[in-house]
Amino acid sequence: MYRKFTADHIFTGYEVLKEPSVVITDSSGTIIDLVNTIDAGDGIEKYTGIISPGFVNAHCHLELSHLKGRISEKTGLVDFVQQVMGNRSIMDEQQVEAMVEAEAKMYQNGIVAVGDICNSSNSIPAKKQSKLLWHNFIEVSGFVGEAAHKRLAEMKMVSKQFENELPNHTTTLSPHAPYSVSKNLFHLLNEDTAGQLITMHNQECADEDMLYLRKAGGFLALYKNFGIDIASFEPTGKSSFQSWLPYFDQQQSIILVHNTYTSANDMEYLSQLSGRAKTVFSLCLCINANQYIEQKNPPIQMLMNSNCNMVIGTDSLASNQQLNILEEIKTIQLSTIPIIPLPTLLQWATINGAKALQLDHLVGSFEKGKTPGIALIENIEQFQLTQLSTSRRIL
Ligand SMILES: [Zn+2]
C-alpha cells in the first residue's frame, strides 16, 4: 500500500524542486520514490504549503521540560545556571508528564530526531514510548579536578542504562561546558570518546571567555556560591573555545552549541585545527534560548562562512517557550540581514542536522530507503515564512 504526497512546494532536504513532484512512501513511511507528478498516477494527497523531510532538533534537554515558565528570562547565563540547578531536583510525576507532553508536541510540529542532553536516566521512560529517534548525550561535568574519575564513572553507569534500555537509539558521553569541566575530566573524556560523536555548550556567555582569559567574570561568584574551590584553575590567556578544543584530538565529531560569543578569530583557529585533528564540526544555533537567557544573537553570518555544518536546536523548555524548529527558523530570519534564504535554513533543519547526529542514513532527506517523516509548513507567502507560519507532521 503506497501513499503519495504533494504540495505547492517540495523541499527534498537539499533543494526545492522546480517541477511539480510527488513523494511516494510505503505504508511504513519508507521513501520509495520521488517522481514527476505526471508519472505519479492517482491517489495523490495534495497539501497547501511546503512539504519537507521531518526536522532534526540537534540540541534539546527533554529532562528540563517541567521547568517551563519557572526560570526568569533575560538574567544572563550565570544566573540561569544557578536557577536551573536550584529547580531541577523537582523529580516527581510532573517531570515525567512534562517530558511526555514535550515529546508529543515535538512529534506534532514536525520533528523526527533529537540530540538530547541527559544528566540522569529520568528521560528513559518517555523515550521508550517515543516515535522519535534519539541520540542521547550523557552529560559529564565537574570543575574539581580530583573528582574527575568519580564523575565520569557515575555518568558511565547512566550511559549503560540508556544503551541497555533504549537499544534502538544511540548514546555517547559528552562534556557539559568550558566552565563546568576540569582539565582532568577533559583528558578522561577525550580518551573515552575517541572516534565518537560528542557535543558541548560553547561560548554561550561572555563570562566563559573572561574565565579562561583572566580567571575573572561571573562564574567566580557561582563557584563560591556552590562551594567549589577553583584555586588550582589556571587561566590560559586564550578564549574559552581555544582553551578547551585542543583537549579533543581523537577524531571526535563535535556539535558546538550556541556559539553566541564566538569570534572570527575562534573560527579561524577551528579551521586550522579541523584539518589536523580530522574532527568534523557542526555549529548548532539555539537562537530563541539565547534571546531568553542573554538577549543576544549568535553571529550567524560569520558562523555560516566557516564552512562548518550548520544545524538548529531548541535547547530546553527552561529557556524556550516551545520545542519547535520552525519557530527557531522564523527567529533566525528576523535576526539576520540580508535574510538567509529559506531553503538554506531548511537544509540546516533537515539533512545537516541528520548528518550532525549521524542519523542521515535514516532521516533528513527524501532519498530512497530512508524514513524521514514529512513535515508540512503552512501559512506561507510566496515561499517566505510569516509570523503566522506553522508546521505539522503529516507522516
Ligand atoms: Zn543546552
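The values are calculated or read from the model by the stated rules, or taken from the named source; none is laboratory data. Here the structure is a predicted model, which means the values were calculated and not measured. All Cβ positions, glycine included, derive from the backbone under ideal geometry; neighbour counts span all protein chains shown. Ligands, DNA and RNA are excluded from the accessible area calculation, which covers all protein heavy atoms including side chains. Shrake-Rupley method; radii C 1.70, N 1.55, O 1.52, S 1.80 Å.
Couple of notes before you dig in:
- Alpha-carbon centroid distance for the pair the range 23-96 / the range 146-225, whole angstrom: 25
- For the chain: Kirkwood Rh in Å [reciprocal of mean 1/r, alpha carbons]: 21.5
- With a simple spin-label model that places each label point 7 Å from the Cα along the Cα-to-Cβ direction, the separation between LEU17 and ALA194 comes to 4.6 nm.
- For the chain, the antiparallel share of DSSP beta bridges with both residues in that region comes to about 35%.
- For the range 20-30, putting each phi into the Karplus relation 6.51 cos²θ - 1.76 cosθ + 1.60 with θ = phi - 60° gives couplings of x, 9, 9, 8, 10, 10, 8, 5, 8, x, 6 Hz, in residue order, rounded to whole numbers and with x for Gly and Pro.
- Residue ranges 50-61, 311-322 sort as 50-61, 311-322 when ordered by packing (mean number of other C-beta atoms within 10 Å per residue, highest first).
- Linear extension gain, ILE394 paired with ILE228, 0.36 nm per residue minus alpha-carbon span: 54.8 nm
- Under 15 Å from the Cα of LYS127 - aspartates and glutamates, other chains or at least 8 residues apart: GLU63, GLU97, GLU101, GLU103, ASP116, GLU163, GLU165
- Virtual spin-label span in nm between SER335 and MET1, 7 Å along Cα→Cβ: 4.4
- For the range 343-395, the alpha carbon positions stretch 32, 21, 15 Å along the principal axes, listed from largest to smallest.
- Considering only alpha-carbon pairs that sit under 8 angstrom and 6 or more positions apart, the relative contact order computed for the range 110-202 is 30 percent.
- Relative to the current alpha-carbon distance between LYS156 and LEU362, full extension at 0.36 nm per residue lengthens the span by 71.5 nm.
- Per-pair calculated FRET efficiency, R0 = 30 Å: THR75 and GLN387 via Cβ, rounded to 0.05: 0.70
- Residues listed by number, the range 43-85, amide nitrogen under 13 Å from SER141 label point at 7 Å toward C-beta: 61, 64, 77-85
- For the chain, the mean residue ellipticity at 222 nm estimated from helices alone is -9000 deg cm²/dmol, where every DSSP H run of n ≥ 4 contributes -39500 (n - 2.57) and the total is divided by all residues, rounded to the nearest 500.
- Along the chain, the longest continuous region that contains none of the GluC sites (Glu not before Pro) in a DSSP loop with at most 14 other C-beta atoms within 10 Å is 74-395.
- DSSP-loop trypsin sites (Lys or Arg not before Pro) across the range 103-204, with at most 15 other Cβ within 10 angstrom: LYS131
- Percent carbon-and-sulfur accessible area, the range 55-363, ignoring ligands, DNA and RNA, probe 1.4 Å: 50
- Available extension along the chain between ASN265 and GLU101 is 54.9 nm, counting 0.36 nm per residue and deducting the alpha carbon span.
- Take every Cα pair under 8 Å whose residues are at least 6 apart in sequence, average their separation, divide by the length of the chain, and the relative contact order is 23 percent.
- Long-range Cα-Cα pairs in the range 244-312 (distance over 13 Å), rounded percent: 63
- Look at the alpha carbon pairs under 8 Å that are at least 6 residues apart: their mean separation over the length of the range 282-359 gives a relative contact order of 34 percent.
- Per residue, the accessible area of the range 55-363 comes to 39 Å², computed with a 1.4 Å probe over protein heavy atoms only.
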